[in-house]
Every structure is written in structure tokens, then in C-alpha cells.
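Below is one structure, written out as C-alpha cells; the observations come after it.
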Amino acid sequence: MFIFTVIAVLLASLIIAYKEDLKPCETVWPVCIVMILMLYILAFFRYMWVIDYMSIVFSGIMLIWILKNNLYKEIFAKFITPQNLAIVIVMIIAFIWQKNFNVDLTGENLFYASDLKSLYELNGFAKAYGTVIPAYGDYPPGMQLFEWFFLHMSPKEFKEGLGIVGYSILNLILLMPLLGRIRFIKKADTEDESEDTEVDVRVTENKKYRFVYESYHVKSKYKVHIYGDREKKKETAPIFEWTVLFVINLLVCMSLILIPTIVSNLGLGIALPDVTLGITYGMLILSALDSDRASHIYYLKILLYGCLILLLRTWGILWLISAVIICIIRIRNERDYIEDIRYLIIVPALWIIEEASWVVLCILMHRHSELTGYMLRAFSKKTGMITEFAHKLLEFIKALTISPIITYRIGLIRLSPLITLILFILILRLLNKKGLFEEKEKKILSVHAIVMFIVVYGFIFFQYLHIWESPQLNVTQTVERYGIPYMLSLLIIISGLLIKLCDSEDMEVALREDNVDRQVNNMAAKAVYVVYGLFVAFILLTADYSFVFKDTVTVSDGLEAFAVIETDQILKEVDAHVELRGRRVLYLTDDSLDKSIRDELSYELSPVAVVFAQVTDDFNAEALNNTIANSEAQFVYCDISGENITSVLSDMCEETWENGRVYQIRADGTLGYIDL
């Protein structure tokens, strides 16, 4: 069934690309975001599996439309290009390499892995009190929803590596519009064309989209169809040129995969929404700066990017506010401001509806994050009560200015957040001198980068003071881990602007074959390849390659040493009672159960939500009642056989108490056999 959804996504992308005269790599991302939103709605009702049947219907409708209009050759020609082939090969490499990965179970990664498994098992969101790892209960599920799409490729067995494959492919899909900006130009010869070759460069203008369409009519014995247009004319190119285009696109595409490693040494084996958030926000800003789009397309892109951001992080609203401000300033300068008021009302309204739906779900299903609550309480604290404030402030400033983004890495160039910001502003100045955008736009982006730098890292510093005070957490690692979205968005914006430089009007004129100044023509053609070369070189020099040597399998060694009988017993209990899926179980244990073992058990038991409570020697009935009330659990499980705790549980249990068995907590506070 998975293949039908892939076909539907592919067909929708190709049809949109054909209708709007775009490349498929520029249209696949909105289709995928729409699919994520559809899965989000279906997850409320636990009907995520319906997406496959919907895809069959949509695919049938699209195929009928293609055949009815006799467009199958044009649609097929849109797909068979060097660029698309390069993208498919990179996706296949990612699939083969990552499909057997195991998940990392540290910190937030434990929640994302367990929540993904819960989505897979339940085909949607858990019921009230059923959220796995309640400490992170209100974290949005956008990334997990797309990972589920790849997980259900294996409907009978949960294969965690497929989720990581989905994560990498989602990031690549979001970066594909950068590939859509790339165009490779054959420079004009100074001498007359030979009899065997005729070069025809055709520039097509469209009211909605401005783009340059190059085609080469080459009289050659070896020809490959690479493009199709509305006039149904076949454009051909020799195999050599086709191969060159493929190799260059493959190199750029693989470089895009490495972009997240520039700002994080977590590699490509750990799925983090912060990386996806940074990519999405960077593409959102590039879309907001693009004034060459029709109003409805312009706002549709902004709407979809914003919807995905809200589904990635609880603080995504912070990024959207800054993006909306840029949109307003940009629109006011470029077009009639009055005409855009309706869009400026509709788009934020739809964002609010989406965010409200998630908030309502969290309230109804009691998905309350302990970290969010702690942070809200921390805002009421007085700064003067923070110990060693000055010392921590100096450490934080050092991490921002001197320390590299990644502490331990394999890479040639290591940048700090402040140096990256300075480079961003300098590159903006350089591009402004090249005429890519006006002085006012340069100021907008520069001020935006500085303000967001202060806001984001100020927020991180506040959290570091109030929440992350553990001695195991290095301040540099804190800056790296939670500054990923900001740093990555700067890199995406610069990458997009550099590639867009090759699409500027001056470059377009210089590259025209009918340009009388052949020297300028050839220099412009060389400049295009120089830009691509610098773009790839920067990524290769600043990327972190340590993920290649990392062991991405993070399984607790203590789990194997843990009593096998006890571990197997709780797993057998869960397997024996299907009704426990999506419910919360209070797990009573002593200090012998290591935290790493608890994390591993939480993941293995998902979609059963497990809350651990430590039992002491003076544990009594009152303490047990308070523990049950605080845990908000519906079931209880105990694997320790102390005389005190056994006596307390036996008194509360209507039946005979047995260790290693799950009991239901009844409305009157007593314990009994599971009866649902």
C-alpha cells in the first residue's frame, strides 16, 4: 500500500510542475506537507492507514486526467531528467544506508522514538493519559508523522531505521527548491557553430513565474529526451551533456544532505525536529523574499511552510512571527499593500486554527510537558536568585563568540555562532553590491538576523540558567543543540541567495546566446559554475563527517544485565493485554532499576505509557495513594518483593496480589484484575 502513496505524491508533483512550468523538485515539498497535514487530521481519529486508500483514489483521478488530455509523454519527460535521477539515487543511498539504524534513546530522542512507535502501533494519537514519556507530552508530531509514512512500508514489523530514512528524505525534500534554482548553461563559442551542432537558447516569460528555459537542439547520433513543454516539442541533448548534468546535480544533492551536519555533530542517524525546523524556516524566509510570484502562490508557500513549522516545535510560533514581519515589510515595498490584506488575515488565521487544534488535543488528552510547565514557573523567578549568574554568563558569551558550533567533530572549518552571523551579514553586503537585491532588503535581512540572534540565544540562555543546570551539560553543547534552527536557517538563506544570483536579470542577459559580447557571455557562463563550486566547497569544508564513524546504535548495556525474568514479565503482560495500548501504567520499582534501563523499557513498551516511581523502605498506603494520584495512571505494576510494599499492595488489592502482574486502578482507589 505504501507504493500507492508514493505514486500519488509523484503524480501530483509532476502535474503541478507541468501546469506551473516548474521543475518537480520545486513542487514535491508542498505535496509532502499537504500529506503531513492530512496524516495529522487522520491521527486524531486513529485512521492514518486511510491515507493509502485515499492515495489510490487520487492516483486514479490524476491518471485519468493525464490520459484524457494526452499528456503522458509531457509528464514522463518532466520526470526523466538528470536532476530527478540524481535525487532518486541519493534517496536510494539514504534508504540502504539508514534502514537498519537503531534509534538513540537519550533525552528528547527517547520521546520522539517512543512517540513514533506509538503512532505506528495505534495509527494515531493516544487517548487521555496515554502519551508515552509524559515529560515531553505536548511536543508536536510533525516529524513523526512523516516518519510514520516510511514506517508503514513494513506493516507487520516495526523497523525503527525506516523512520530515520523518512527523516533524512524529509530534509532533502525541503531543500529541493534550492536545486530548482540551479540551471546549468552551456557557454557560447567564440567561433561559428559547427555543422553538427545547433544551439538554441529560448527564454520564456510567464506572468506568474519568471524563469529561464534552456534547451539544446544537437544533431547527434546519441540523443536522450530530457525535457517536454506545452507545445509537445522534444528537446534533446547528447549523452555527454546529460551525464555532466547528472554528475553535477548528484554532487549538489549530496551536499544538501550534509548541510545539517554543519551545525550539529549528532549526524544523520538521529532524528531531530530542530534540524527540520531550521531548514523549513530558512526556506520560508527565501519564499518571503521572492517577489516574482503571484499573490496566491506566494502566500500558499508561506502558509504551508508555516503549518509545518507549527507541527515541528512548540516554540515555532516565535519563528512565524519574525517571518510575517518580513513578509509585511517586503510586500509593502514591492506591491499594493491593500491587495494583500486578505492574505495577511487568512494565512495567520489558518495557523492559529492549526495551533489551536493541537492545544485542544493536549488539554483533552492530558498531554502536558513537564519541561514546559517548569519553564513557565521559571519565568516567575527572580534573576537575583540564580547562583553564579556572572560566571554562567561569561561561559555563555564564550560559547557564542569563540567556541565552535560543534565541540567534537571531523571537519576543516569550525565556526562559532557569532562568526556565522558576521559572515552572513558580509555575504549580504557582497550580494547587495552585485545587484541581487536593494539596500533596503539587505538592511531588513541584517536586522532580522541580529534580532533573531538576540532573541533565540537569549531564550536559550534563560533556559540554561533555570532548567539545564546539570553539571553533565556543557554550555557549548547547549548552544549547539538548541541553536540549530537559527544557525541552519542562516545557511539556508545564504545558499538560496547565492544560487539565486545565477538567476538575476543581469546574469540572464549575459548568458543569452544572442549577446554580441561573447567575452561577457563566456565569463557569465563560467561564473555560474564558480558559484556552484563555491557552494559545494563550503558545505564539504564545514560539514561534520564524524557521523560516518559513529555507532548510531544506542542500547543500554545494562538492559542485558538486568534480570531477564523481570524484563520479560512486563513485556509478556503488555503483549497479553492489548487493552493496555495507549494507556498509562505506573511502574513501581526500587533504585536498582537504572535510568538507561528505564528509558529502554519505555521505548520497548510503547505504545503503553509507563511512569516510573521509586519505592523506599518506609513506603506506606498514603504514599502509594499520592504516587498513584500524581502519576494519573490507570494501571499499576510492581516487580519488587519487599515485605513492606507487598503488604501495602495486598491491602489495596481486591484479589490476591502477585508481583509481575499488571493491575487496574479502580475508581474507588482499589486494585483489581484488568477489566476493560
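The values are calculated or read from the model by the stated rules, or taken from the named source; none is laboratory data. Please read these numbers as outputs of a predicted model, since none were measured by experiment. Neighbour counts run over all protein chains shown; Cβ positions are idealised from the backbone, glycine included. The accessibility values were calculated without ligands, DNA or RNA, using every heavy atom of the protein model including side chains. Shrake-Rupley method; radii C 1.70, N 1.55, O 1.52, S 1.80 Å.
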Looking only at residues that are within 15 Å of LEU10 (Cβ to Cβ) and in a helix (DSSP H, G or I) in region 27-50, which one is most open to solvent (accessible area, probe 1.4 Å)? VAL34
Looking only at region 453-467, decide whether some residue is modelled with pLDDT under 80 and aliphatic (A, V, I, L, M). yes
Given the condition surrounded by 20 or more Cβ atoms within 10 Å (Cβ to Cβ), among the small types (Gly, Ala, Ser), within 19 Å of the chain's Cα centre (by Cα) and modelled with pLDDT under 85, answer yes or no: does some residue in region 270-285 qualify? yes
Picked from region 117-146 (must be farther than 21 Å from ALA633 by Cα and open to solvent by 10 Å² or more (accessible area, probe 1.4 Å)), the residue farthest from the chain's Cα centre (by Cα) is ASN123
Can you pull out every residue in region 16-26 that is assigned to a helix (DSSP H, G or I) and surrounded by fewer than 20 Cβ atoms within 10 Å (Cβ to Cβ)? ILE16, LYS19
Hits in region 629-645 - residues which are open to solvent by less than 20 Å² (accessible area, probe 1.4 Å) and under 25 Å from HIS366 (Cβ atoms): SER631, ALA633, PHE635, VAL636, TYR637, CYS638
Can you find even one residue in region 646-654 that is out of contact with any helix residue (DSSP H, G or I) (no Cβ under 9 Å at 6 or more places or on another chain), touching a residue at least 12 places away in the same chain (Cβ under 8 Å), open to solvent by less than 50 Å² (accessible area, probe 1.4 Å) and outside any loop (DSSP other than H, G, I, E, B)? yes
Please go through region 586-628 and give me each residue that is open to solvent by 20 Å² or more (accessible area, probe 1.4 Å), more than 19 Å from ILE570 (Cα to Cα) and either among the aliphatic types (A, V, I, L, M) or under 38 Å from the mean Cα position of the chain (by Cα) (or both), ordered by number. ALA621, ALA623, THR627
Exception for LYS99 within (1) open to solvent by 50 Å² or more (accessible area, probe 1.4 Å); (2) on the phi > 0 side of the Ramachandran plot; (3) among the charged types (D, E, K, R) falls at (2)
For region 155-163, check the following and say yes or no: at least one residue is closer than 15 Å to THR276 by Cβ and surrounded by 23 or more Cβ atoms within 10 Å (Cβ to Cβ). yes
